Amino acid sequence: MGLFNRSDKSADAGTTSTAVFDAPTAHLSDISGDYVIDASHTRIGFSARHAMVTTVRGSFGEFEGTAHVDTANPSASSAKLVIKTASIDTGSADRDGHLRSGDFFDADANPEITFTTTQVERVEDDVWRLTGDLAIKGVSKSVAIDFESTGSAIDPFGNTRIGFEGTTSINRKDWGLTWNAALETGGVLVSEKIKLEFDVSAIKSA
């Protein structure tokens, strides 16, 4: 089966094609259990406005995480994520070097970014709200992230997988990431608001 299904719609004025993802699977009626994040099929990303006119996107290439899911008692669920700060990648070596420097993450002195849950709620059938401590550059602040279930499946290697997608926005200044440069036309070079993006695939371990 291909990665995309394509639906072609013809009209008098011409032909258009729309690509959509294949429908998700739902192998498990109960996803309770312990899981390990599959880093090779997970994206931990972010985006920020640059020069007030465009969006720069990036991700972290090295991370690990675990989760305990309890559908009968969601508050008993938990998760932890550890990200290697120096693995930041925005597609520009110069920009990545600046982000690793003391102006931003100071990756040598702060090699890890962590998120550890303090509360888990199931706010809808397919939506879990994870509230936890996000620690960056020695500063820890509480952040809430809504994760939507994207399905469960048995992969060709016999692994039981679950998937979740989540986003949230933070103000980087709250974590001491204050570097910026003013623009002659007004505004700043890098937005204070940062969007965090999580596309998670996790393998059941117990």
Residue span Ala109 to Thr54: 0.36 nm per residue of separation minus Cα-Cα distance leaves a gain in nm of 16.7 nm
Extension length gain for Asn159 and Ala26 (0.36 nm per residue less Cα distance), in nm, is 46.5 nm
Listed by chain and number, the lysines with an alpha carbon less than 24 angstrom from that of Lys137, same-chain partners under 8 positions apart left out, are Lys80, Lys84, Lys173, Lys193, Lys195
Simple SL model, points at 7 angstrom along Cα→Cβ for Lys195 and His41; separation in nm is 2.6
For Glu121 and Arg95, extending 7 Å from Cα along the Cα-Cβ vector and measuring point to point gives, in nm, a value of 3.5
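Would you tally the net charge around Asp94, using a Cβ to Cβ cut-off of less than 15 Å, leaving Asp94 out, and scoring K and R as +1, D and E as -1? Could the numbers behind the result be given before it?
On the way: positive: Arg95, Arg100; negative: Asp89, Asp96, Asp103.
Counting the neighbours of Asp94, the net charge comes to -1.
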Simple spin-label estimate for Ser169/Glu64, 7 Å along Cα→Cβ, in nm, reads 3.5
Lys173 neighbourhood, Cβ < 12 Å, K/R = +1, D/E = -1, net charge +2
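The numbers here are math on the coordinates, done by the rules we state, and not lab data. Since this is a predicted model, take the numbers as computed values, not measurements. Every residue, glycine as well, gets a Cβ built from its backbone with ideal geometry; the counts of neighbours run over all protein chains shown.
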